[in-house]
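Peer 1: Before I ask anything, let me first share the structure, which is written out below as structure tokens.
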Amino acid sequence: PKCPDIPEFLYKSVQQLAEHDTQGTRNVHIRTYDIEGCFPNMPKEAITWAMRDLANHFKHQGYKGVWVPNANSQGCQWTEPRRKNVHGKWIEWDVMLEVLEFALQNAFVRMPDGRILQQVKGIPMGDPLSPGMTIGTCAWMEREWMNGLHPNSQKYFRAARYMDVILMITRGPQAWDEEAFLKDFT
């Protein structure tokens, strides 16, 4: 979602959570969470697992790779364009994973004093693939967390992530342990 979508997301979420409640919107809680140090603190193993799992997910849906156009005006697409005069590159999942893993394991920086250091933790700082790695890994972690939730809990919250900021809206009955839910989330 984009930032201009936030007001509509808030309105719809509050309405959905209050729909079957006699108290309406009185006990709705809205919180924001920042994924502090998202790039440098994300475990490389999680990034690798996430990228492999997402690629397998797309493969099972029948997508063989991604068409990446040369021009900024076009977006990536799941199939190669039919026209031959379109410039870009078709990248299969296995190749994409090799490139991502290489970038992840080979992030080096030259320090002002001439030393060359390897970044051994987190997403490669300054790499053009880093935003995609971050978004994909966060989405994978969210999906894993959601799959582990008790189905009853899913009725009492709505959430959306905007880059590394999470907007969480909760409203639950007294029998639902909101505090434990939020502790598990954070």
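The values are calculated or read from the model by the stated rules, or taken from the named source; none is laboratory data. The shown structure was predicted, so the numbers you read here are calculated from the model rather than taken from an experiment. Reconstructed Cβ throughout: ideal geometry from the backbone, glycine too, with neighbour counts over all protein chains shown. In case anyone asks, the SASA skips ligands and DNA or RNA and just uses the protein heavy atoms, side chains included. Shrake-Rupley method; radii C 1.70, N 1.55, O 1.52, S 1.80 Å.
Peer 1: Just to make sure I understand: if all protein chains stay in place, what is the order of 52, 143 by accessible area at 1.4 Å, largest first?
Peer 2: Working: 52 105, 143 75 Å².
Solvent-accessible surface, decreasing: 52, 143.
Peer 1: If you roll a 1.4 Å probe over the heavy atoms of the protein chains, what accessible area per residue do you get for the chain, in Å²?
Peer 2: Numbers: 12730 Å² over 186 residues.
Accessible area per residue, the chain: 68 Å².
Peer 1: Relative to the present Cα-Cα distance, how much length would full extension add between residue 152 and residue 68 at 0.36 nm per residue of separation? Display every interim value, and only then the final one.
Peer 2: Working: separation 84, 0.36 × 84 = 30.24 nm, distance 4.08 nm.
That pair, residue 152 and residue 68, stretches by 26.2 nm at full extension.
Peer 1: List the GluC sites (Glu not before Pro) within the range 1-108 that DSSP assigns to loop and that have no more than 14 neighbouring Cβ atoms inside 10 Å. It would help to have the intermediate numbers written out before the result.
Peer 2: On the way: sites: 8, 19, 36, 45, 92, 98, 101; in loops: 19, 36.
Listed in order of number, the matching sites are 19, 36.
Peer 1: Right, another one. What area, in nm² and to one decimal, does the C-alpha convex hull of the range 129-177 cast on average over all directions? Please report the intermediate quantities before stating the final value.
Peer 2: Working: hull surface 14.6 nm².
One quarter of the hull surface, i.e. the mean projection, equals 3.7 nm².
Peer 1: Oh, and also: Considering the values (1) 18.6, 57; (2) 20.4, 67; (3) 18.6, 60, which represents Rg and Dmax of the Cα atoms in Å as calculated for the structure under consideration?
Peer 2: Of the labelled values, this structure produces (2).
Peer 1: While we're here: Counting Lys +1, Arg +1, Asp -1, Glu -1, what net charge surrounds residue 183 among other residues with beta carbon under 15 Å of its beta carbon? All intermediate terms of the calculation are to be shown ahead of the outcome.
Peer 2: Values: positive: 31; negative: 177, 178, 179, 184.
My count for the surroundings of residue 183 gives -3.
Peer 1: Calculate one ³J(HN,Hα) per residue across the range 63-71 by plugging θ = phi - 60° into the Karplus curve 6.51 cos²θ - 1.76 cosθ + 1.60, and present them in order as whole Hz with x for glycine and proline.
Peer 2: With the stated coefficients, the range 63-71 comes to 8, 8, x, 9, 8, 10, x, 6, 7 Hz.
Peer 1: In whole percent, how big is the carbon plus sulfur part of the accessible area of the chain, probe 1.4 Å, protein atoms only?
Peer 2: Numbers: 6990 of 12730 Å².
Heavy-atom surface of the chain belonging to carbon and sulfur, 1.4 Å probe: 55 percent.
Peer 1: Could you count how many Lys pairs in the chain have their Cα atoms under 19 Å apart, skipping same-chain pairs fewer than 8 positions apart? Please report the intermediate quantities before stating the final value.
Peer 2: Details: 2/12; 12/155; 44/121; 59/89; 64/89; 155/183.
Eligible lysine pairs with Cα atoms under 19 Å apart amount to 6.
Peer 1: Okay, next question. Would you please give the FRET efficiency between residue 58 and residue 27, computed as 1/(1 + (r/R0)^6) with r the Cβ-Cβ distance and R0 = 41 Å, to the nearest 0.05? Each step should come with its number before you reach the end.
Peer 2: Details: r = 40 Å, r/R0 = 0.97.
The computed FRET efficiency comes out at 0.55.
Peer 1: Can I ask one more? Could you give me the ³J(HN,Hα) list for the range 44-51, computed from phi with Karplus coefficients 6.51, -1.76, 1.60 and θ = phi - 60°, whole Hz, x at Gly and Pro?
Peer 2: Calculated HN-Hα couplings, in order: 4, 5, 5, 4, 4, 4, 4, 5 Hz.
Peer 1: Can I ask one more? Amide H of residue 88: which non-local residues (sequence gap of 5 or more, or other chain) have their own amide H closer than 5 Å, using H built in the peptide plane?
Peer 2: Those lying under 5 Å, H to H, from residue 88 are 70.
Peer 1: How much FRET efficiency would the formula 1/(1 + (r/R0)^6) give for residue 143 and residue 15, where r is the Cβ-Cβ distance and R0 is 25 Å, rounded to 0.05? Don't skip to the end; give the middle numbers.
Peer 2: Working: r = 25 Å, r/R0 = 1.00.
Step by step, r from the Cβ atoms, then E = 0.50.
Peer 1: Using unit Cβ charges (K, R positive; D, E negative) and no other charged atoms, how large, in debye to the nearest 20, is the dipole of the range 45-144 about its Cα centre? Show your work: numbers first, answer last.
Peer 2: Working: 11 positive and 11 negative charges, 88 e Å.
Here the range 45-144 has a charge dipole of around 420 debye.
Peer 1: If 28, 95, 120 are ordered by their accessible area, calculated over protein heavy atoms with a 1.4 Å probe, which sequence runs from highest to lowest?
Peer 2: Numbers: 28 30, 95 75, 120 110 Å².
Greatest to least solvent exposure: 120, 95, 28.
Peer 1: Say each of residue 180 and residue 91 gets a label point 7 Å from the Cα, pointing the same way as Cα to Cβ; how far apart are those two points in nm?
Peer 2: About 4.3 nm separates the two model spin labels.
Peer 1: Explain nothing, just the number: relative contact order of the chain, from Cα pairs under 8 Å at least 6 residues apart, as a whole percent.
Peer 2: Values: 203 pairs, mean separation 57.1, N = 186.
Normalised by residue count, the contact order of the chain is 31 percent.
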